[in-house]
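Report on one structure; see the data block that follows.
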Amino acid sequence: MENWIIRIAACLCAAGSSALFWTLGAFVAVPWRESRMLALNLVELQLIGAPLLLGLAVGWGALHILAIADRQLHPRIYAAACALLLIANLAAASAGLAWTQARGF
């Protein structure tokens, strides 16, 4: 029972990480479309940097919480969960980028 509580907490953190990466994708859309990713002003750097850093931190925390439950007992499940979180976060960033571009922002 305790391992399931830990896994649920890790899933909540992973969902928060994915939401932050979606936000990152949404904020990257305009400079990406205008081809000026290397010429961002300070406000745009903050809008892009905050979800990136926080998303990485929350995702890292989710993996550490998940390691409490599965790293020793089920190393393959833990490795699969790590890969799945990476793929989910990349897909979330891509979805945020696509959502913003589809609306013409």
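No lab work stands behind these numbers, since they all come straight from the coordinates. Note that the structure is a prediction, hence the values are computed from the model and not measured. Glycine gets a Cβ as well: all are built from the backbone with ideal geometry, and neighbour counts include every protein chain shown.
Can you tell me the equivalent ellipsoid semi-axes for the range 6-57? Use √(5λ) from the Cα gyration tensor, largest first, whole Å. Output for the range 6-57: semi-axes of 27, 10, 6 Å.
Relative to the longest principal axis of the Cα atoms of the chain, the long axis of helix 2-33 lies at roughly 10 degrees.
Any chance you could give the angle, 0 to 90 degrees and rounded to 10, that helix 42-70 forms with the longest Cα principal axis of the chain? That works out to roughly 10 degrees.
The tail of the calculated P(r) for the chain, taken as Cα-Cα distances beyond 15 Å, holds 64 percent of the pairs.
Seen against the Cα atoms of the chain and their longest principal axis, helix 75-102 is set at about 20 degrees.
With contacts taken as Cα pairs under 8 Å and at least 6 residues apart, the chain reaches a relative contact order of 50 percent.
Model label sites at Ala88 and Glu34, defined 7 Å from Cα along the beta-carbon direction, differ in position by 3.4 nm. Within the range 1-18, whose backbone N sits under 16 Å from a point 7 Å along Cα→Cβ of Ala57? Answer for the range 1-18: 13-14, 16-18. Kirkwood Rh over alpha-carbon pairs of the range 29-85, then Stokes-Einstein at 25 °C and 0.890 mPa s: what D in µm² s⁻¹, rounded to an integer? My calculation gives 181 µm²/s for D.
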